[in-house]
Amino acid sequence: MIQIHSFVFNPFQENTYILFDETREALIIDPGCYEKDEQGELTAFTKSKNLKVKALINTHCHVDHVLGNGFVKDHYKVELGIHPIELSLLRAVKSYAFNYGFAAYHGTEPEYYLNEGDKVKFGNSELEVLFVPGHSPGHIAFYSKEQAFCIAGDVLFNRSVGRTDLPGGNFETLINSIHTKLFALPDNTRIFPGHGPYTTIGEEKRYNPYCAIIK
C-alpha cells in the first residue's frame, strides 16, 4: 500500500511528494526544497519513517519543481529521471534561477529518461508514466491504477489548470492532455497537483471552469 506525504516548499508554494510503501522504500517527486530548513524538513521526515529513498523523478522541469534536485541526489545518492523533452528546460534553469532569488541553485543532469507507458518501481509498488504536455512540452504524470491516484504536476488543479504562457506551453495541447489522458481515468482517481489541494477526476469533470465536460 503506497502512502503519500506532501510538503509545501519555496515561495511558489510548490508541492513536493514522497511516496513509500510497507518495504520503507521511497520515491521523491518534484523536490522544491531550496532553503536549508526545507531540506531539513525533508530529511527529518525520511529519517523519522526510516525510509530508504530509491529514486527521484520530475513531472516537469520548471524552476519551482527542480530546486531540490541537486540536494536530493547528493544526500540520498539517487539518480534523476525526467522526460527527454524536458532536458532543455532543466538546463535552462541555471540561466534564470538568480532572477527569482535562487542564486545558490545547484543544477544537475538526469541519469535516465521516462516515457509514456514506462513503470516507475519502488518497493512492492509501481506507477505508470502518462505523457501530458501543455504546461510544458515534456510534462509527465504518475498514475497508480491499483490505488486510484495520480501525481499530476502542473497539468490539472482543483478548479484550475496549469498556465501555458511559459516557453513551450500551449493551451490547446494542455486541454487535450486533460481530456484524453486524465479524464480517461476513473472518476474516483485522486489528483495530487503541483500546487494547492488535491482533487478528483470526477470533481474536475463537473466543476472545473477551464475543462469540465459534464454539464
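The values are calculated or read from the model by the stated rules, or taken from the named source; none is laboratory data. Bear in mind that the values here come from a model prediction, so they are computed numbers and not experimental data. All Cβ positions, even for glycine, are placed from backbone atoms using ideal geometry, and neighbour counts span all protein chains on display. Side chains are part of the model used for accessible areas, which takes the heavy atoms of the whole protein and leaves out ligands, DNA and RNA. Shrake-Rupley method; radii C 1.70, N 1.55, O 1.52, S 1.80 Å.
One table, with the values for the structure above:
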quantity: Unique match (being open to solvent by 20 Å² or more (accessible area, probe 1.4 Å) and either closer than 25 Å to residue 20 by Cβ or under 16 Å from the mean Cα position of the chain (by Cα) (or both)) among 180, 173, 189, 200; calculated: 200
quantity: Residue list for region 176-215, restricted to those being among the aliphatic types (A, V, I, L, M) and under 20 Å from residue 86 (Cβ atoms); calculated: 178, 182
quantity: Hey, residue 117 touching an Asp or Glu at 6+ places or on another chain (Cβ under 6 Å), open to solvent by 10 Å² or more (accessible area, probe 1.4 Å) and under 27 Å from residue 73 (Cα atoms) or not; calculated: no
quantity: Positions within region 171-204 being among the polar types (S, T, N, Q), closer than 16 Å to residue 153 by Cβ and in a strand (DSSP E or B), in sequence order; calculated: 199
quantity: Any hit, region 177-190, residues being within 22 Å of residue 12 (Cα to Cα) and in contact (Cβ under 8 Å) with a residue 12 or more places away in the chain; calculated: no
quantity: Tally, over region 61-107, of residues that are open to solvent by 30 Å² or more (accessible area, probe 1.4 Å) and under 16 Å from residue 29 (Cα atoms); calculated: 6
quantity: Hits in region 131-144 - residues which are open to solvent by 10 Å² or more (accessible area, probe 1.4 Å) and under 15 Å from residue 200 (Cβ atoms); calculated: 143
quantity: Unique match (being touching a residue at least 24 places away in the same chain (Cβ under 8 Å) and closer than 26 Å to residue 22 by Cβ) among 122, 131; calculated: 122
